[in-house]
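**Q** Pasting a structure below so you can have a look.
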Amino acid sequence: MVSEQGVPGQAWEDVAAGVWRRRLPGWDETVGVVAGEAGLLLVDAGPSPRAGAALRRELAGIPGAGGLPVRWLVITHPHFDHVLGAAAFAGAEVYGAAGLSGHLAPAALAADAVRHGMDEAEAAEAAEALRAAVPDVVEVAGGGELVLGLGGGREVVVANAGPGHTGHDLAVVVPGEPRVVFCGDLVEESGEPQAGEDARPARWPAALDRLLALGGERARYVPGHGAVVDAAFVRAQRGALARRFGVVD
């Protein structure tokens, strides 16, 4: 396996009041947390049940988040490095883009993990654990939004912003000053955006237009991989993707 995901690596980063994110080692995927009085909303869950369990332990040590349960989990897209840790959060209400449930088949997720360096037996066990822990997903229709109340006046918007990186891309918008947008892999900062077989290249630039409309010029945009960026970065990446895939406005 490429590395053990969990405690080592970068620390939790304050993005805004009551909003944190963590870059995990190995595949450099982002996990985000938003705190409300009623509990925590988790954005993605890491690449394995072991990584998810480590995240649970770490959350207890974050001032402002410690002691609160993870009640909501948003899966930004159905790739193993963002999904398989959800097995450690059984009981949380899980949200995904319309059609996500059909892409959580254990065999496909395990194969994806093995292609990226995970041990075959561990990948199979993780994918089966996910199926047991996440029997249902609340799906957000294409172009749709859901507003979730986390308690104490804190709300987040879960928006179906894709397709783009995949056919099933969600974003999480946290109103406030600054506004925060968790972009999933629609935006990547640590390398060129990855376009696999499930990507929708022709529609990816429009998905970034949607993110910019949701966040605005002053928002902090949290990519699926890499450092937090601003609207100018998202706009530049949108232009680069349009050129790369021959998308004409």
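**Q** Carbon and sulfur: what percent of the chain's accessible surface (1.4 Å probe)?
**A** Within the chain, the accessible surface is 52 percent carbon and sulfur.
**Q** Go ahead and collect, in residue order, the members of the stretch 104-123 whose backbone nitrogen is under 18 Å from a label point 7 Å along the Cα-Cβ direction of ARG131.
**A** 104-114, 120-123
**Q** What number comes out for accessible area per residue over the stretch 55-185 if the probe is 1.4 Å? Units Å², please.
**A** Accessible area per residue, the stretch 55-185: 38 Å².
**Q** Using helices alone, what [θ] at 222 nm do you get for the chain, with -39,500 (n - 2.57) per DSSP H run of 4 or more residues, divided over all residues and rounded to the nearest 500?
**A** It comes out at -8000 deg cm²/dmol, rounded to the nearest 500.
**Q** While we're looking at this one, here's another question. To the nearest 20 Debye, how big is the dipole of the chain about its Cα centre, given +1 on the beta carbon of each Lys and Arg and -1 on that of each Asp and Glu?
**A** My answer is approximately 480 debye.
**Q** Next question, about the same structure. List the residues, sorted by chain then number, that are 5 or more residues from LEU73 or on another chain and whose placed amide H is less than 5 Å from its amide H.
**A** Amide H neighbours of LEU73, under 5 Å, 5+ apart: LEU42, GLU93, VAL94, TYR95.
**Q** Here's another thing I want to ask about it. Where does the charge balance sit around PRO175 when Lys and Arg score +1, Asp and Glu -1, over other residues with C-beta under 10 Å from its C-beta?
**A** Cβ neighbours under 10 Å give a net charge of 0.
**Q** Please list ASP14, ASP209 from largest to smallest accessible area, probe radius 1.4 Å, with all protein chains kept in place.
**A** Result, largest first: ASP14, ASP209.
**Q** To the nearest 10 Å², what's PHE89's accessible area with a 1.4 Å probe?
**A** About 10 Å², ignoring ligands and nucleic acids.
**Q** What number comes out for the charge environment of VAL94, summing +1 per Lys or Arg and -1 per Asp or Glu over other residues with Cβ under 13 Å away?
**A** Charge balance near VAL94 sits at -2.
**Q** May I ask you to evaluate 6.51 cos²θ - 1.76 cosθ + 1.60, the Karplus curve with θ = phi - 60°, for each residue of the stretch 191-196 and list the ³J(HN,Hα) values in order in whole Hz, giving x for glycine and proline?
**A** x, 5, x, 8, 10, x
The values are calculated or read from the model by the stated rules, or taken from the named source; none is laboratory data. Bear in mind that the values here come from a model prediction, so they are computed numbers and not experimental data. All Cβ positions, even for glycine, are placed from backbone atoms using ideal geometry, and neighbour counts span all protein chains on display. Accessible surface is based on the protein model in full, side chains and every heavy atom, while ligands, DNA and RNA are left aside. Shrake-Rupley method; radii C 1.70, N 1.55, O 1.52, S 1.80 Å.
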